[in-house]
1. From the residues in segment 56-73 that are more than 22 Å from residue 25 (Cα to Cα) and of a type in the set (Val, Ile, Thr), which one is least open to solvent (accessible area, probe 1.4 Å)?
2. Take the residues in segment 74-104 that are over 23 Å from residue 25 (Cα atoms) and under 14 Å from the mean Cα position of the chain (by Cα); name whichever of them is surrounded by the most Cβ atoms within 10 Å (Cβ to Cβ).
3. Please go through segment 1-41 and give me each residue that is in a strand (DSSP E or B), of a type in the set (Ser, Thr, Tyr) and farther than 11 Å from residue 77 by Cβ, ordered by number.
4. Limited to segment 29-54, what total is found for residues that are touching an Asp or Glu at 6+ places or on another chain (Cβ under 9 Å) and over 16 Å from residue 95 (Cα atoms)?
5. Residues that are out of contact with any helix residue (DSSP H, G or I) (no Cβ under 9 Å at 6 or more places or on another chain) and free of Cβ contacts under 8 Å to residues at least 40 places away in the same chain: which strands (runs of 3 or more DSSP E) entirely in segment 42-123 hold 3 or more of them?
6. State yes or no: is residue 10 farther than 18 Å from residue 114 by Cα, surrounded by fewer than 18 Cβ atoms within 10 Å (Cβ to Cβ) and of a type in the set (Val, Ile, Thr)?
7. Do you know which of the residues in segment 38-55 that are over 11 Å from the mean Cα position of the chain (by Cα) and open to solvent by 60 Å² or more (accessible area, probe 1.4 Å) is nearest to residue 96 (Cα to Cα)?
Amino acid sequence: QLQASGGGLVQAGGSLRLSCAASGRTFRDDDIAWFRQAPGKEREFVAAIRWSGGSTYYADSVKGRFTISRDNAKDTVTLQMNSLKPEDTAVYYCAGKRAYSGTYAQARDYDYWGQGTQVTVSS
């Protein structure tokens, strides 16, 4: 139901732009978030955006470097990642849930997920 794209290999200090697109549904009424999972680690919250785009939330580790945005007309959510660090290396997933249901930073509260896209940052 969600398709994540835009991952790749980049050097430390570089940038990548991830996209999350709806497939077979619309998510314009849903909150959308990005999570990531590094090898041997639990999935962690990265950023979230409310259905209206009026509120955004970030993990402390990415605040000031990552920006989440959405275009409801196109059913897409974008994660712009700047000043990337090796510790940002992970598989990145986008996820959706009904607006204001659950907690934006808890993976268990999300109802549907994309397949993930690999981000690798070399030092």
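The values are calculated or read from the model by the stated rules, or taken from the named source; none is laboratory data. Computed from a prediction, not measured in an experiment: that's the story for all the values here. Glycine gets a Cβ as well: all are built from the backbone with ideal geometry, and neighbour counts include every protein chain shown. Accessible surface is based on the protein model in full, side chains and every heavy atom, while ligands, DNA and RNA are left aside. Shrake-Rupley method; radii C 1.70, N 1.55, O 1.52, S 1.80 Å.
1. Looking only at segment 56-73, we keep the residues that are more than 22 Å from residue 25 (Cα to Cα), and these are 56-67.
Of the ones still in play, those that are also of a type in the set (Val, Ile, Thr) are 56, 62, 67.
Details: 56: 61, 62: 0, 67: 73 Å².
Selected residue: 62.
2. Initially, segment 74-104 is screened for residues over 23 Å from residue 25 (Cα atoms), giving 80-91.
Subsequent filtering for residues that are under 14 Å from the mean Cα position of the chain (by Cα) retains 80-82, 88-91.
Working: 80: 15, 81: 26, 82: 14, 88: 22, 89: 18, 90: 22, 91: 18.
Among those that are over 23 Å from residue 25 (Cα atoms) and under 14 Å from the mean Cα position of the chain (by Cα), it is 81.
3. Start the filter on segment 1-41 by keeping residues that are in a strand (DSSP E or B), which leaves 2-5, 8-11, 16-22, 30-37.
Still in the list and also of a type in the set (Ser, Thr, Tyr): 5, 19.
Listed by number, the list holds a single entry, 5.
4. Number of matching residues: 1.
5. Details: elements: 44-49, 56-58, 66-71, 76-81, 90-98, 117-122.
Once the strands (runs of 3 or more DSSP E) in segment 42-123 are filtered for at least 3 residues that are out of contact with any helix residue (DSSP H, G or I) (no Cβ under 9 Å at 6 or more places or on another chain) and free of Cβ contacts under 8 Å to residues at least 40 places away in the same chain, what remains is 66-71.
6. Details: farther than 18 Å from residue 114 by Cα: yes; surrounded by fewer than 18 Cβ atoms within 10 Å (Cβ to Cβ): yes; of a type in the set (Val, Ile, Thr): yes.
So residue 10 passes the test.
7. First, pick out the residues of segment 38-55 that are over 11 Å from the mean Cα position of the chain (by Cα): 38-43, 50-55.
The next check asks that each one be open to solvent by 60 Å² or more (accessible area, probe 1.4 Å); those that pass are 39-43, 51-52, 54.
Details: 39: 23, 40: 24, 41: 22, 42: 19, 43: 15, 51: 10, 52: 13, 54: 16 Å.
Only one residue fits best here, namely 51.
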